[in-house]
């Protein structure tokens with residue numbers, strides 16, 4: 001049984017239930033930990049701790065956890081990305097795991113529990129969905145594109161110039177899976193301007209998107225510059241590459257409207 005199978009077996013009965021949504025503490029990221037998060041994280045930690053895969057694990061709930069073994073590098077884990085969706089019974093939530101060394105993500109894994117889909121990538125080796133190669137879309141015009149987008153503090157002002165130029169705008173609620181949807185061409189872009197996205201949310205999905213031919217930056221053309229701290233948030237723009245400059249241009253227009 002794989003890690004995703006093991007975690008899925010335990011959390012699926014909790015999805016859409018009052019028990020799964022019960023608050024059992026505060027996470028290292030400063031947000032409430034739900035019971036479904038704790039169950040998933042405990043299973044992931046137990047799986048990796050004694051296997052020598054890494055020197056430690058950075059998780060949304062427990063923060064930095066050192067492992068006592070021969071492993072190197074660091075695991076970046078969001079045990080349930082899309083907790084609100086899971087608790088509400090909305091079928092869009094994942095397990096996200098990435099592994100990196102010296103701040104560079106080398107491997108990424110995102111498992112979509114409701115649809116039993118596994119996205120993964122190894123740096124320089126491409127991206128895959130259930131072991132079949134995937135690529136970003138070929139969309140070249142904003143007016144025919146669809147994107148998942150989040151604006152700062154849920155104020156749409158900064159993102160309206162971009163939204164008005166798209167064909168479709170969605171908010172799906174699980175950033176790791178939304179990045180994977182860009183990777184496989186289901187979405188043309190993912191834009192998060194809330195300044196709250198953490199490395200545990202995005203590490204695996206970013207690598208998968210880039211290895212599928214996409215482009216990932218901050219809300220300007222710079223690197224999002226994530227750090228190993230789950231209390232530190234960033235903005236993120238991921239596209240199929242063809243649309244990236246046009247998306248950034250519209251974001252700049254929105255930021256000017258807010259100034």
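Annotations
- Single residue of 41, 18 found to be modelled with pLDDT of 95 or more and within 19 Å of residue 96 (Cα to Cα): 41
- Any chance residue 20 is assigned to a loop (DSSP other than H, G, I, E, B) and touching a residue at least 60 places away in the same chain (Cβ under 8 Å): yes
- Taking the stretch 86-103 as the range and being part of a strand (DSSP E or B) and more than 16 Å from the chain's Cα centre (by Cα) as the test, only 101 passes.
- Test for residue 61: is it outside any strand (DSSP E or B), assigned by TED's automatic domain parsing to the domain that holds residue 20, under 17 Å from residue 204 (Cβ atoms) and modelled with pLDDT of 95 or more: no
- Check on residue 167, free of Cβ contacts under 8 Å to residues at least 60 places away in the same chain and under 21 Å from residue 90 (Cβ atoms): no
- Residue in the stretch 45-57 that is assigned by TED's automatic domain parsing to the domain that holds residue 14, more than 20 Å from residue 128 (Cβ to Cβ), surrounded by 16 or more Cβ atoms within 10 Å (Cβ to Cβ) and under 17 Å from the mean Cα position of the chain (by Cα) present: yes
- For the stretch 67-99, filtered to residues that are under 17 Å from residue 226 (Cα atoms) and in contact with a helix residue (DSSP H, G or I) (Cβ under 7 Å, 6 or more places away or on another chain), the residue that is surrounded by the fewest Cβ atoms within 10 Å (Cβ to Cβ) is 75.
The values are calculated or read from the model by the stated rules, or taken from the named source; none is laboratory data. This structure is a prediction, so every number in the text was calculated from the model and none was measured. With ideal geometry, Cβ positions are generated from the backbone for all residues, glycine too; neighbour counts draw on all protein chains shown.
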